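**Student:** I have a structure I would like to understand better, so I am pasting it below and will then ask my questions one at a time.
Readers should treat all values here as calculations from the given coordinates under stated rules, not as data from a laboratory. What you see is a predicted model, and the numbers here were worked out from it, not measured in a lab. Please note: Cβ atoms are built from the backbone with ideal geometry, for glycine as well, and neighbour counts cover all protein chains shown.
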Amino acid sequence: MNGARLVATATLGLLAIFGIAVSTCGTDEEGLRALTRITARVSFLLFLAPYSASSVRRLFPSPATRWMLRNRRALGLSFFVAHMLHGLAIWMLALLLGDAFEAHPITVLAGGMAYLLLVAMALTSTDRTAAWLGARRWNALHRIGMHWLWFIFAYDWVVLSLSSPGYLPLAALSFGALGLRIAARRARTGNGVAVAPTAA
Ligand code: HEM
């Protein structure tokens, strides 16, 4: 399972999860809040794959991590779909609540910026648009975008863990993924010798 087929399969799976969540949680305020939480969690789990693909490939070379790295773009696009479903859930909640919908200005600013970066990353995920942007700008956009998304997830999970310890594993996963990136970077730059190939 590679490339476009992977994105199509992931999209079908995500739509199925979304449909099941709507039908089990309902479309009242409580149900839609649950839907925003479910979509955020699913999209976080998908986010971890493109975020750590090149690190796990470098640190743990195997056919599975090679597949992950080769399909990093498809995994990123699948995450994009998942996070758009978080956006859809928020939009449904805002429609239901009307003027009573409240979001902290910092959430709107930080989250809105994350969505802008996400759309820009998705639009530049074809060979043609990536070439149009140029390698240096493409790298900057994707690096900043992924770290910004990581920051929002990590921040949310840490803050939520303070009141609900059930969120601790999600916070730990965020920092574990960051740790993998740091370890892979060290492995790459330590003594100037690469310990494993990064390319598929
Ligand atoms: C303007 C943009 C956004 C708005 C208005 C928004 C709004 C919301 C709302 C209403 C909830 C449910 C809160 C509740 O009632 O429990 C939520 C949960 C959450 N959102 Fe977003 N969000 C936005 C963007 C993002 C982005 C970009 C990310 C991640 C990169 C994100 C990650 C999360 C997380 C981690 C949760 C908590 C899920 C849980 O409690 O399990 N959100 N968001």
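**Student:** Go through region 47-53 residue by residue and turn each phi into a ³J(HN,Hα) via Karplus (6.51, -1.76, 1.60, θ = phi - 60°); whole Hz please, and just put x for glycine and proline.
**Tutor:** 4, 4, 5, x, 5, 10, 4
**Student:** While we're here: Students often check this: by mean Cβ neighbours within 10 Å, which of 55-66, 2-13 ranks highest, and how do the rest follow?
**Tutor:** Numbers: 55-66: 16.4, 2-13: 14.0.
Those peptides, ordered most packed to least, come out 55-66, 2-13.
**Student:** Which ³J(HN,Hα) values, rounded to whole Hz and listed in residue order, are derived for region 27-42 from phi using the Karplus coefficients 6.51, -1.76 and 1.60 in 6.51 cos²θ - 1.76 cosθ + 1.60 with θ = phi - 60°, glycine and proline given as x?
**Tutor:** 10, 7, 4, 4, x, 6, 5, 4, 4, 5, 5, 4, 5, 5, 5, 4
**Student:** Still on this structure, please answer the following. Could you work out the relative contact order of the chain? I mean the mean sequence separation of Cα pairs under 8 Å and 6+ apart, divided by the number of residues, in percent.
**Tutor:** Details: 172 pairs, mean separation 54.4, N = 200.
27 percent.
**Student:** In the P(r) worked out for region 118-198, what percent of Cα pairs fall beyond 17 Å? Display every interim value, and only then the final one.
**Tutor:** Details: 2016 of 3240 pairs.
Of the Cα pairs, 62 percent sit more than 17 Å apart.
**Student:** Let me ask you something else. Determine how many Å³ per residue the convex hull of the Cα atoms of region 3-192 encloses.
**Tutor:** Working: hull volume 27.3 nm³, N = 190.
So the per-residue hull volume is 144 Å³.
**Student:** Using only DSSP helix segments of four residues or longer, with each worth -39500 (n - 2.57), what per-residue ellipticity at 222 nm results for the chain after dividing by its residue count and rounding to 500?
**Tutor:** Numbers: 8 runs with 165 residues, N = 200.
So the helix-based figure for the chain works out to -28500 deg cm²/dmol.
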